[in-house]
Amino acid sequence: MKICVYNSSRKNNSSTELVIKQLIKYISKEKNVECDIYNARNSEIKQCEGCEKCFKCGFCPLDKIDSMGKIKKSLKNADVIILGTPVYSAMVSGNMKIMIDRLSYFLHRFEFRHKIIIPVISASGNSLIYTNAYFKKIIESWGAFVPFSIMFTVDVPNMLKSDKFMNELLRNYADGIVKYCNREEKITASDYQELYFEQLKKIYSIPADTFEFRYWDSNNLTKYSSYQEIINAEM
């Protein structure tokens, strides 16, 4: 199993990093794991400059001068992607938002279709549900499957001190990830993804001299009647 991790906390030994490491530890007990781990503190991801070349030409010029090109390659090669973020001001961290912005064009291409992405979200004590709702929508718009989100608080209460969370629950999450990778559990499109696919299909069914139309056309995405059909066919 190939896992790619991006942890958007810049803090050494952050709560987010601690939980991700524990999760990978449990996954590794069940399955051989090859893991690429990227942390915001040692990965340079420049802010999007709004040049729109990713939408118009299918690539980002910044990928050649920062860490994002390497990270994108790892993301695309992974079976499972783990994205960790602390909650800052009721939202994902600034570093995670920069990464999301750099992947904006993936939102029109379902680039991560049928990949498994696990959000790991830490908060002092609030805004977990709001942040997760935003984050999950972005991830599903990339085309990925989100079987669950791992959300925890570090102050009220401090779930890192909970043996049930750090051991029992994280072990259960790890078992769930392994089952999906082994195809023991079915990867299914969400209602949101089906609606989003229908909207994009209408746009890219109309011939146009754009990279996005050519992407949809060359991958035969418009021939499918539902997003679930794409998942089933490509898997």
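Counting charges near TYR105 (Lys, Arg +1; Asp, Glu -1) among other residues having Cβ under 15 Å from its Cβ returns a value of +2.
Here the Karplus curve 6.51 cos²θ - 1.76 cosθ + 1.60, taken at θ = phi - 60°, turns the phi angles of region 192-207 into couplings of 4, 5, 5, 5, 5, 4, 4, 5, 5, 4, 4, 5, 8, 7, 8, x Hz, with x standing for Gly and Pro.
For region 35-76, the orientation-averaged shadow of the C-alpha convex hull comes to 3.3 nm² (one quarter of the hull surface). Here's the list of aspartates and glutamates a cross-link from LYS137 could span, going by alpha-carbon distance under 13 Å and ignoring same-chain residues fewer than 8 apart: ASP191, GLU194. Between PHE145 and HIS114, LYS115, ILE116, ILE117, the built amide H atoms are under 5 Å apart, and every one of these is 5 or more places off in sequence or on another chain.
For ILE82, the residues 5 or more places off, or on other chains, whose built amide H falls under 5 Å of its own are CYS4, VAL5, TYR6, ILE118. Using the Cα coordinates of region 1-104, the gyration tensor eigenvalues translate into equivalent-ellipsoid semi-axes of 25, 18, 10 Å, sorted from longest to shortest.
Using the Stokes-Einstein relation with a Kirkwood hydrodynamic radius computed over Cα pairs, the translational diffusion coefficient of the chain at 25 °C and a viscosity of 0.890 mPa s comes to 133 µm²/s. DSSP beta bridges fully contained in the chain are about 10 percent antiparallel.
Computed from backbone phi with θ = phi - 60° and the Karplus coefficients 6.51, -1.76 and 1.60, the 3J(HN,Hα) list for region 121-131 is 10, 10, 8, 4, x, 8, 6, 5, 5, 4, 5 Hz; x is used for glycine and proline. Can you find, among ASN126, LEU103, SER15, the residue farthest towards the positive end of the dipole of the chain? Put +1 on the C-beta of Lys and Arg, -1 on that of Asp and Glu. Farthest towards the positive pole: SER15. Each Lys or Arg adds one and each Asp or Glu takes one away; over the other residues whose Cβ falls under 11 Å from the Cβ of GLU234, this sums to +1.
For LYS137 and LYS46, FRET efficiency with R0 = 25 Å and r from the beta-carbon atoms, rounded to 0.05? It comes out at approximately 0.55. Exposed loop sites here mean GluC sites (Glu not before Pro) with a DSSP loop assignment and at most 12 other beta-carbon atoms within 10 Å; the chain contains its longest site-free run at 53-183. A cut-off of 5 Å between modelled amide H atoms, ignoring neighbours fewer than 5 places along the same chain, links GLU185 with TYR180. For the residue pairs LYS2/LYS46; LYS72/LYS161; LYS136/LYS202; LYS97/LYS223, the C-alpha atoms sit more than 30 angstrom apart in LYS72/LYS161; LYS97/LYS223.
No lab work stands behind these numbers, since they all come straight from the coordinates. Since the model is a prediction, treat every value here as computed from it, not as a measurement. Positions of Cβ are generated from backbone atoms using ideal geometry, with glycine treated the same way; all protein chains shown enter the neighbour counts.
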